[in-house]
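Below: one structure, written as structure tokens.
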Amino acid sequence: MKIVQLKKHKDAAWEYLSPKQTLIKPLVLVLGNRFMLEEASVFDEVKTLFPDGDIVLGSTSGDITSNRVDDDSITITAVEFEKTEFLIKTSNVLSSDLDSYKTGVNLLEQFPEDGLKYVFVLSEGSFINGSELTKGMNASVQNNILITGGLCGDAARFEKTVAGYNENPKPGEIIAIGFYGESFEASFSIHGGWTPFGPERVVTKSESNVLYELDNQPALDLYKKYLGEKSNELPAAALLYPLNVKSTEEQQSFVRTILNINEEDNTMILAGDIPENSKVQLMMTNVDNIANASERAAIQALESRSNKPQLALLVSCIGRKLVLDQRVEEEIEEVVAVVGDNTTICGFYSYGEIAPFHGENNCQLHNQTMTITLISE
């Protein structure tokens with residue numbers, strides 16, 4: 001496996017982060033600032049650098065490399081595989097009547113399952129229902145194929161996200177990369193580092209990812225009561241106080257971020273489904289807990305491997321980034337300390353992370369987690 005990384009800041013030239021070398025038919029991941037990715041010249045620039053590459057682009061809430069997180073840049077990670085074949089398929093949620101489940105089914109059904117080891121998903125993140133997307137992907141894969149990835153981001157603006165494959169990125173696009181080969185190895189883990197607090201409340205009315213009532217009271221009113229003065233900073237303040245959800249449908253509790261609020265309906269719009277009759281609690285964290293959780297995820301992902309990782313795909317949540325603030329690199333440093341300096345770090349801050357729970361097979365939508373996938377061949 002050969003890997004080349006470059007970075008470009010606004011109005012600057014491309015800078016090599018690794019030794020320059022020629023790659024044959026590489027997979028080219030282009031992650032970064034949405035406004036920069038929307039510039040008409042960017043795809044052509046990447047195509048000039050890697051003329052025979054398969055180019056996948058996605059907007060982020062911060063692009064990640066070793067010990068560094070940037071907001072106003074684009075990072076290229078180009079990978080030439082020696083023994084691994086990869087196949088890229090796309091779907092667009094705008095072309096399937098906004099049916100996220102159907103989109104997930106259609107996307108994964110495009111992959112021949114014989115020899116398929118792993119699928120990395122880069123999804124639009126502004127209006128997809130990530131819970132339904134993952135359910136659809138699980139339904140179309142029979143052999144419990146590992147699926148990880150994340151929803152694209154747009155800093156903390158939540159205006160729109162874009163993604164693309166071998167073309168300029170656009171809204172609604174979802175890209176899946178399937179990896180095939182006997183020597184290919186992928187391992188993963190996730191951890192959050194958030195702590196529930198306060199009383200448990202029962203979801204008495206919800207529909208998909210819209211939360212109407214907790215304990216038969218308007219959910220938004222109750223949430224504002226807990227936030228106090230911070231309620232004036234909604235919806236941004238909600239990223240610092242997500243919900244811990246215990247559902248009768250899942251063995252493990254999961255975290256849901258509040259993406260937006262509807263004052264008129266007194267509702268909260270979450271990043272994924274929140275089933276009725278589930279129990280929820282507010283959550284909080286600090287810098288040390290987040291950094292420690294990233295370290296645990298890296299250790300756990302490393303423990304289940306046969307070979308040393310060559311590439312680490314990191315997907316962390318915008319809510320974690322807001323908590324870390326000026327110390328955002330600390331959670332990346334914890335990962336690097338575990339996986340080693342010889343492992344290339346490629347990743348982004350997202351609007352939702354896609355991975356199974358540790359020890360399970362079916363992927364889920366997570367919020368406020370660090371998801372690590374380690375790859376080698």
Candidates ASP325, ASP341 - the one that is modelled with pLDDT under 95 and within 22 Å of ALA78 (Cβ to Cβ): ASP341
Those residues of region 4-51 which are part of a loop (DSSP other than H, G, I, E, B) and aliphatic (A, V, I, L, M), in sequence order: ALA12, ALA13, LEU17, LEU23, ILE24, ALA40
Options GLY178, GLY198: the member that is open to solvent by 30 Å² or more (accessible area, probe 1.4 Å) and either farther than 26 Å from ARG296 by Cα or part of a strand (DSSP E or B) (or both): GLY198
Residues of region 345-359 satisfying the condition of being over 23 Å from ARG34 (Cα atoms) and buried (at least 18 other Cβ atoms within 10 Å of the Cβ): ALA355, PRO356
Near pairs, Cβ below 6 angstrom, 6+ apart or cross-chain, from region 14-43 (farther than 22 Å from SER316 by Cβ) to any residue that is among the charged types (D, E, K, R) and open to solvent by 10 Å² or more (accessible area, probe 1.4 Å): TRP14/LYS8; LEU23/LYS2; LEU23/GLU80; ILE24/GLU80; LYS25/ASP52; PRO26/GLU80
Filter result for VAL56 (in contact (Cβ under 8 Å) with a residue 40 or more places away in the chain, out of contact with any His (no Cβ under 7 Å at 6 or more places or on another chain) and closer than 23 Å to SER316 by Cβ): yes
Restricting region 201-218 to residues that are outside any strand (DSSP E or B) and at pLDDT 95 or above, the residue that is farthest from LEU324 (Cα to Cα): ASN216
Criterion violated by THR148 - all others in (1) among the polar types (S, T, N, Q); (2) surrounded by fewer than 24 Cβ atoms within 10 Å (Cβ to Cβ); (3) not in a strand (DSSP E or B) satisfied: (3)
Enumeration of residues in region 225-252 that are assigned to a loop (DSSP other than H, G, I, E, B) and open to solvent by less than 40 Å² (accessible area, probe 1.4 Å): LEU234, PRO242, SER247
Region 360-374 residues that are closer than 22 Å to ILE258 by Cβ and hydroxyl-bearing (Ser, Thr, Tyr), paired with ones that are open to solvent by 10 Å² or more (accessible area, probe 1.4 Å) and part of a strand (DSSP E or B) (beta carbon under 8 Å, 6 or more apart): THR369/ILE190; THR369/HIS191; THR369/VAL255; THR371/PHE188; THR371/ILE190
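Using the structure shown, decide if LEU108 is farther than 22 Å from GLY347 by Cβ and open to solvent by less than 50 Å² (accessible area, probe 1.4 Å).
Values: farther than 22 Å from GLY347 by Cβ: yes; open to solvent by less than 50 Å² (accessible area, probe 1.4 Å): yes.
Considered against the rule, which asks whether it is farther than 22 Å from GLY347 by Cβ and open to solvent by less than 50 Å² (accessible area, probe 1.4 Å), LEU108 comes out as yes.
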Yes/no for ILE64 being in a strand (DSSP E or B) and in contact with a helix residue (DSSP H, G or I) (Cβ under 7 Å, 6 or more places away or on another chain): yes
Residues (within 15 Å of SER61 (Cα to Cα) and among the acidic types (Asp, Glu)) located in region 310-345: ASP325, GLU329
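Yes or no, residue by residue, for (1) without any contact (Cβ under 8 Å) to a residue 40 or more places away in the chain; (2) open to solvent by less than 30 Å² (accessible area, probe 1.4 Å); (3) not in a helix (DSSP H, G or I):
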residue	(1), (2), (3)
ALA298	no, yes, no
LEU302	no, no, no
PRO309	no, yes, yes
SER316	no, yes, yes
GLN326	yes, no, no
GLU331	no, yes, no
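Quick grid of which residues meet (1) of a type outside the set (A, V, I, L, M, F, W, C); (2) farther than 30 Å from GLY272 by Cβ; (3) crowded, with 21+ Cβ neighbours inside 10 Å; (4) at pLDDT below 95:
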site	(1), (2), (3), (4)
VAL56	no, no, yes, no
SER59	yes, no, yes, no
LEU98	no, no, no, yes
ASP114	yes, yes, no, yes
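The values are calculated or read from the model by the stated rules, or taken from the named source; none is laboratory data. Keep in mind that this is a model prediction, so the values were computed, not measured. Positions of Cβ are generated from backbone atoms using ideal geometry, with glycine treated the same way; all protein chains shown enter the neighbour counts. Ligands, DNA and RNA are stripped out before the accessible areas are found, and what is left, the full protein with its side chains, is counted by its heavy atoms. Shrake-Rupley method; radii C 1.70, N 1.55, O 1.52, S 1.80 Å.
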